[in-house]
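Every read-out reported here was derived from the displayed coordinates using simple, explicitly stated rules and does not represent laboratory data. Since the structure is predicted, the reported quantities are computational estimates derived from the model, not experimental observations. Here Cβ is always computed from backbone atoms with ideal geometry, including for glycine, and neighbour counts include all displayed protein chains.
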Amino acid sequence: MQIPRLGANHAADSTQFCVWAPYADRAEVHLLRQEQYVPLTCADTGYFYTAIPGVKPGDKYTYRLDGDKERPDPASRSQPEGVHGPSQVVDQDFDWTDAGWTPPSRRNQVMYELHVGTFSPEGTFEGAIPYIPYLKDLGVTTLQLMPVVQFPGPRNWGYDGVQLYAPHHDYGGVAGLKTLINACHNNGLAVMLDAVYNHLGPEGNYLWDYGPYFTDRYHSPWGESVNFDGPQSDHVRRFFIDNAIYWLETYHVDGLRLDATHALLDFSAVPFLQELATHVHDWAARQNRRVLLIAENDRSDRRLTLSREANGLGLDGQWLDDLHHVLHVALTREKDGYYADYQPFELIPKVLRESFAYTGQYSPARQRRHGTSARDIPADRFVVATQTHDQVGNRMLGERLTQLTDFDGLKLAAGLLACSPYIPMLFMGEEYGETAPFQYFVSHGDPGLIEAVRQGRAEEFAAFEWQGTPPDPQAIETFERCKLDHHLREMGQHALLLSIYQDLLTLRKAYPALTNPDREAMRIYADNDARILCLERWNGLQAVRIFMNFDLDQPQRLTVPGDEVQWRQLRYSHAPQWCLQATETALSVPKMLSPAANHMITLPPKGFVIYKRTIGDRQR
């Protein structure tokens with residue numbers, strides 16, 4: 001027979017229960033309202049299931065294994081009492097009004113990563129809804145939510161989730177998440193969720209009691225490695241693949257960011273990621289849906305986004321941290337830890353050309369050769385950022401780029417982000433220079449685990465020369481200081497930086513040359529000694545040129561040879577309207593670059609200028 005869907009699925013007058021528990025000889029559903037234990041039918045493959053009349057949405061239950069262990073449902077849809085409490089049957093009916101919704105094309109995406117708990121004063125799904133018009137005006141097309149599944153306590157980044165089918169109850173649970181996604185779609189915003197399939201959190205993880213979900217053959221930095229290639233791994237894969245499709249189908253999510261896929265240790269002939277991509281894309285094709293699977297991966301591995309026919313894994317994209325790394329080093333001069341690998345200026349143009357800074361050469365930080373070239377892969381397969389939860393939150397004090405460079409440096413970072421060939425992503429508050437840190441916070445209940453987390457965080461910073469004491473992850477004050485102050489965006493330099501981000505993202509949308517993912521429609525010139533970069537991009541007859549000075553202290557002069565067309569200035573980083581104070585400057589940054597004449601451009605430190613090509617009287 002066909003095994004029912006995992007979890008408690010309510011329909012009409014009954015609820016179907018199904019759980020995979022091969023470690024158990026017998027299993028029962030404990031219905032708390034009825035104070036009743038109902039035996040489950042066992043299939044040969046370790047699945048237990050039954051349909052029970054009269055069980056309603058809101059009813060709580062647990063599974064009892066072999067007469068003694070009572071545990072939450074591994075595929076629970078709701079955990080109102082937290083990770084250790086009973087599971088809850090839910091009504092998945094919802095008044096969706098997004099029937100005509102179509103997400104933006106990949107090349108036109110502008111993503112915005114946010115943490116639900118710190119984004120709004122309420123720290124809930126519905127608390128984010130009033131900010132949707134603001135995000136639309138900013139130029140965002142897609143919300144990238146950090147993990148929202150049930151985790152221990154009220155405070156966490158989300159990567160300690162243990163009930164992967166249950167939206168976090170303190171965020172607003174099932175109804176809250178659906179309400180947010182529906183509101184986003186009705187206002188033209190796509191929504192992606194962060195799916196953590198490489199581990200489960202250390203508290204409230206009861207999968208060990210059910211079956212071989214984990215393996216001791218491999219080790220993860222964050223917990224037990226998931227069993228994707230060992231005995232009975234077919235059923236483990238089903239659990240996670242069904243989970244991915246569940247979010248897409250039941251919550252109308254537009255895609256998933258797959259966390260730390262380099263930690264999905266799997267040596268099977270058909271890797272889990274490939275099987276996941278196949279099932280998700282087949283489902284999307286049947287539904288006539290456009291969905292994205294975007295991996296986080298630190299291997300600089302081109303195979304992630306190659307098609308299965310080209311011996312790839314068939315994912316739709318991957319995060320490209322290398323752009324962050326080379327830009328961060330250029331702006332801050334930091335060289336500790338993994339930043340030691342990203343010192344040479346020439347890595348900036350290389351990352352723009354080939355995506356990865358390391359394409360097979362020796363990596364000093366890794367002490368081995370590393371990476372592959374992605375020069376032939378369309379640029380819209382990569383998501384780039386100047387700040388992310390990882391790059392900010394894994395600093396000892398959680399400082400944002402706002403604290404590490406000056407206003408000109410922030411403008412240069414925004415200019416590179418908007419003009420690169422990749423999909424840009426902002427980290428919440430970046431656009432107005434949020435000053436609140438983003439530090440690591442948890443709310444565990446086990447004193448031993450709390451202390452282990454404190455020690456683990458301190459050990460992570462050993463490779464860096466950061467001074468001070470790490471904030472206490474368990475302290476509520478650590479969480480509270482990470483809350484965004486949205487009032488800042490109306491004040492002084494914060495309001496000015498916001499207007500610059502809006503302007504640059506509007507420019508990106510208006511000029512297809514800036515969103516063209518074809519690397520053949522791009523030229524890069526660099527002067528490594530002067531730290532000058534020229535990026536030329538085009539789409540048909542339309543073309544733009546971006547000149548950038550990455551020297552932090554000195555103006556730099558460059559000569560631009562004349563050609564057959566005229567170039568008109570679009571934006572200049574040090575134009576009066578983009579400066580905190582109106583200052584006189586003798587630097588030469590022409591408004592026009594005329595045909596058949598050489599031009600001298602002198603860019604201030606951390607300055608940039610953007611030109612567009614004009615043909616005759618027509619603006620192209």
Query raised in the report: Among the residues of region 128-150, how many are within 17 Å of the chain's Cα centre (by Cα) and in a loop (DSSP other than H, G, I, E, B)?
Result: 5
Query raised in the report: What number goes with the only condition from (1) among the small types (Gly, Ala, Ser); (2) free of Cβ contacts under 8 Å to residues at least 60 places away in the same chain; (3) in contact with a Cys (Cβ under 8 Å, 6 or more places away or on another chain) that ALA526 does not pass?
Result: (2)
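Just to check your reading of the model, which residue among ALA513, ALA530 is more than 23 Å from ASN394 (Cβ to Cβ), among the small types (Gly, Ala, Ser) and assigned to a loop (DSSP other than H, G, I, E, B)?
On the way: ALA513 fails: assigned to a loop (DSSP other than H, G, I, E, B).
Only one candidate passes the filter, namely ALA530.
The rows are residues; the columns are (1) surrounded by 21 or more Cβ atoms within 10 Å (Cβ to Cβ); (2) aromatic (Phe, Trp, Tyr).
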residue: TYR342; (1), (2): yes, yes
residue: PRO349; (1), (2): no, no
residue: ARG353; (1), (2): no, no
residue: ALA357; (1), (2): yes, no
residue: PRO364; (1), (2): no, no
residue: ARG368; (1), (2): no, no
residue: ALA374; (1), (2): yes, no
residue: ARG381; (1), (2): yes, no
residue: VAL384; (1), (2): yes, no
Report summary line: With the first residue restricted to region 483-509 and required to be in contact (Cβ under 8 Å) with a residue 60 or more places away in the chain and of a type in the set (Phe, Trp, Tyr), and the second required to be part of a loop (DSSP other than H, G, I, E, B) and crowded, with 16+ Cβ neighbours inside 10 Å, Cβ contacts under 9 Å at 6 or more apart or on different chains are TYR501/GLY139
Query raised in the report: Hey, among the residues in region 89-115 that are farther than 17 Å from LEU292 by Cβ and of a type in the set (A, V, I, L, M), which one's surrounded by the fewest Cβ atoms within 10 Å (Cβ to Cβ)?
Result: ALA99
Query raised in the report: Restricting to region 533-571, what's the tally of residues that are assigned to a loop (DSSP other than H, G, I, E, B), closer than 15 Å to ALA521 by Cβ and of a type in the set (D, E, K, R)?
Result: 0
Query - Subset of region 144-172 [touching a Leu at 6+ places or on another chain (Cβ under 9 Å) and acidic (Asp, Glu)] - result: ASP160
Report task. Within region 298-318, identify whether any single residue is touching a residue at least 40 places away in the same chain (Cβ under 8 Å) and in a strand (DSSP E or B), and answer yes or no. Result -> yes
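Restricting to region 452-491, and then to whatever is hydrophobic (A, V, I, L, M, F, W, C) and part of a loop (DSSP other than H, G, I, E, B), can you tell me which residue is farthest from VAL442 (Cα to Cα)?
Here is the first cut: in region 452-491, the ones hydrophobic (A, V, I, L, M, F, W, C) are 452-453, 458, 461-464, 466, 475-476, 479, 482, 484, 488, 491.
Next cut, part of a loop (DSSP other than H, G, I, E, B) only: 464, 466, 475, 482, 484, 491.
Values: PHE464: 23, TRP466: 22, ALA475: 8, CYS482: 12, LEU484: 18, MET491: 32 Å.
The residue in question is MET491.
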Report summary line: Out of (1) closer than 21 Å to LEU410 by Cα; (2) outside any helix (DSSP H, G or I), the one ILE348 does not meet is (2)
Report task. Identify all residues within region 381-408 that are of a type in the set (S, T, N, Q) and assigned to a loop (DSSP other than H, G, I, E, B); write none if there are none. Result -> THR386, GLN387, THR388, ASN394, THR405
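One residue is enough: does region 492-501 have a residue meeting the conditions under 27 Å from GLU434 (Cα atoms) and assigned to a loop (DSSP other than H, G, I, E, B)?
Within region 492-501, the first condition is being under 27 Å from GLU434 (Cα atoms), and the residues that meet it are 492-501.
Narrowing further to those that are assigned to a loop (DSSP other than H, G, I, E, B): none.
Checked against the condition, which is being under 27 Å from GLU434 (Cα atoms) and assigned to a loop (DSSP other than H, G, I, E, B), region 492-501 yields no hits at all.
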